[in-house]
Amino acid sequence: MATPARLRLPSIGITVSAVVLAAIWFEMLTLGAGPADAAIGQLLYAGGNPPMIAVARLFTFLGEPAVLIGFGIAAAYTLWSRQQKRYAAAVLAVMLIGRGLAQVQKYAIMRFRPEDEIHLVPVSTPSFPSGHATSSMIVYLTLALVFASHRWKWPAVVGALLLSVCVGVSRVMIGVHWPTDVIGGWAFGLLWVILALPEAERLAKPPDLG
């Protein structure tokens, strides 16, 4: 069964978007962890405000690796059950490889975590980019693009973007990330989806035997 394309940006649009997102990622890398980053982080920090801490922890939970990988496996299973086996594998690969690339960046860059405020959840990895921001952008946006009908595609995309924004901001609220970590994660996650998902859809199409 052929898989309908979900991303219809023209080539020039993809190119411009990729350049802009890559530039944002680079700016967040080079300008981060400084006084401005710290000041914004302190403004958003939820310490001492139990209701806001609870909200931040809820959205952080929605960006946890186990949750996102679970969604990815469920998506792949759904496509597999519809006899779209190649597409199931391709979509799962987009999600898992994107997350893996974020982890590679973390250990290649080795940015330290912010330490001005108490971390409200345990963390053990380097800081840039935010894995929660990156992976939530990749997974939720991919789910919206793959499963939303044509009528509901753009509302689903907007919802996915807003959810990823909430997940990313929650990481600053609980004191474990610089704002630039989160913005860099969003930029990379969005860049990965607009480049990798169309290619996955292309590869998932059955070979033309005509």
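The values are calculated or read from the model by the stated rules, or taken from the named source; none is laboratory data. Just so you know, these numbers come straight off a predicted model, no measurement behind them. As a convention, Cβ positions derive from the backbone with ideal geometry for all residues, glycine included, and neighbour counts pool all protein chains shown.
Computed values, structure above
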{"quantity": "Considering residues of segment 74-133 that are among the hydroxyl-bearing types (Ser, Thr, Tyr) and in contact with a helix residue (DSSP H, G or I) (Cβ under 6 Å, 6 or more places away or on another chain) only, the residue farthest from HIS177 (Cα to Cα)", "calculated": "TYR87"}
{"quantity": "Every residue from segment 126-139 that is over 15 Å from GLY175 (Cβ atoms) and over 12 Å from the mean Cα position of the chain (by Cα)", "calculated": "PRO126, PHE128"}
{"quantity": "Candidates ARG99, ARG86, filtered to the one that is over 25 Å from ALA187 (Cα atoms) and touching a Leu at 6+ places or on another chain (Cβ under 9 Å)", "calculated": "ARG86"}
{"quantity": "Test: residue in segment 144-155 that is assigned to a loop (DSSP other than H, G, I, E, B), polar (S, T, N, Q) and more than 12 Å from the chain's Cα centre (by Cα)", "calculated": "yes"}
{"quantity": "Enumerated helices (runs of 4 or more DSSP H) restricted to segment 10-83, each holding at least 1 residues that are under 23 Å from LEU145 (Cα atoms) and free of Cβ contacts under 8 Å to residues at least 40 places away in the same chain", "calculated": "11-31, 50-61, 65-81"}
{"quantity": "Count of segment 119-129 residues which are at pLDDT below 95 and either among the small types (Gly, Ala, Ser) or part of a helix (DSSP H, G or I) (or both)", "calculated": "1"}
{"quantity": "Within segment 87-104, considering residues that are crowded, with 18+ Cβ neighbours inside 10 Å and not aliphatic (A, V, I, L, M), the one nearest to VAL169 (Cα to Cα)", "calculated": "ARG99"}
{"quantity": "Only listed residue being in a helix (DSSP H, G or I), under 17 Å from the mean Cα position of the chain (by Cα) and over 23 Å from LEU44 (Cα atoms), chosen from LEU191, LEU161", "calculated": "LEU191"}
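Here is a yes/no grid of residues against (1) at pLDDT 95 or above; (2) surrounded by fewer than 21 Cβ atoms within 10 Å (Cβ to Cβ):
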| position | (1), (2) |
| --- | --- |
| ARG57 | yes, yes |
| THR60 | yes, no |
| GLY72 | yes, no |
| LYS106 | yes, yes |
| GLU117 | no, yes |
| GLY131 | yes, no |
| THR142 | yes, no |
| VAL157 | yes, yes |
| VAL165 | yes, yes |
